[in-house]
Each structure stands twice: as C-alpha cells, then as structure tokens.
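The values are calculated or read from the model by the stated rules, or taken from the named source; none is laboratory data. Nothing here was measured: the structure is a model prediction, and the numbers come from that model. Every residue, glycine among them, receives a Cβ derived from its backbone with ideal geometry; neighbour counts consider all protein chains shown. For the accessible areas, the whole protein counts, side chains as well, though only heavy atoms, and no ligand, DNA or RNA atoms are used. Shrake-Rupley method; radii C 1.70, N 1.55, O 1.52, S 1.80 Å.
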Amino acid sequence: MEGQDADDLEAFEHEISTEDGAKSKGKEKEGTQAPHKSGPIPNNTKEEVFALQATLQALAARIGKSPDTLYALIGKGAKVLQCTVSLWGVFEAWYASKGGLMKPKTSTSGNPLPRP
C-alpha cells in the first residue's frame, strides 16, 4: 500500500507541474513557465484547480496526513509570517507621519532650574 501512495503522489505532482495536464507542444522548453497573462482566471481553469485540490485532500486523508503537509512537499506550502508588532514601532511610525505637525512653530529651550 505504501508504494501505491507514493505512485499516487508522484502522479499528482506530475499533474500539477504540467500545464492543463497536457504535454508541452515544443514551443516552450521543459521547466519553463508560460508568460504572465493579465485578467481574471477562466472558470474552467478554476474548476480544474478545485478538482486538483479535492484530489490532494482525498490523498491526504487516505494516507493520514494533513493537506498542508502535501502542499509543503511539493513546495506550495502556506508561509506564515513570523513577525510581531511592537508598540514602539507603531509610535515611531505615527510620530514620523503626524508627530511633527503637533510641534509648536516657535520653541525655546527651557531654562534650567537654578541649583540651590
């Protein structure tokens, strides 16, 4: 059964890597991507993507792994940002944009307190 799962995964990876599941027509070199095309994604392409996602989820359920594990295996895993927001950084950003507006136009340095 383990060999069958590996074969299914290889077939799935191959299906994802070949555009529209079809073989290259010789105009593009193997491993190159088609140029970017602006505009919305066609509905039939969306259906194919959702079908591939359903296939990956079914494969993950069958082998007892999460779909995220399989996405990571083929290099398409979700990337989680590992950053936090610091209060000081927020203050600095605010002060850089608005803080200068609150300064008085004329200011004098304060007189130091007399020493006793």
Tally of residues being open to solvent by less than 60 Å² (accessible area, probe 1.4 Å) and not in a helix (DSSP H, G or I) across the stretch 46-74: 2
Residue count for the stretch 53-72, restricted to those that are aliphatic (A, V, I, L, M) and in contact (Cβ under 8 Å) with a residue 40 or more places away in the chain: 4
Taking the stated definitions as given, is Val85 part of a helix (DSSP H, G or I) and either at pLDDT below 80 or open to solvent by 60 Å² or more (accessible area, probe 1.4 Å) (or both)? no
Of the candidates Glu92, Glu28, the one satisfying the condition of being modelled with pLDDT of 85 or more and over 21 Å from the mean Cα position of the chain (by Cα) is Glu92
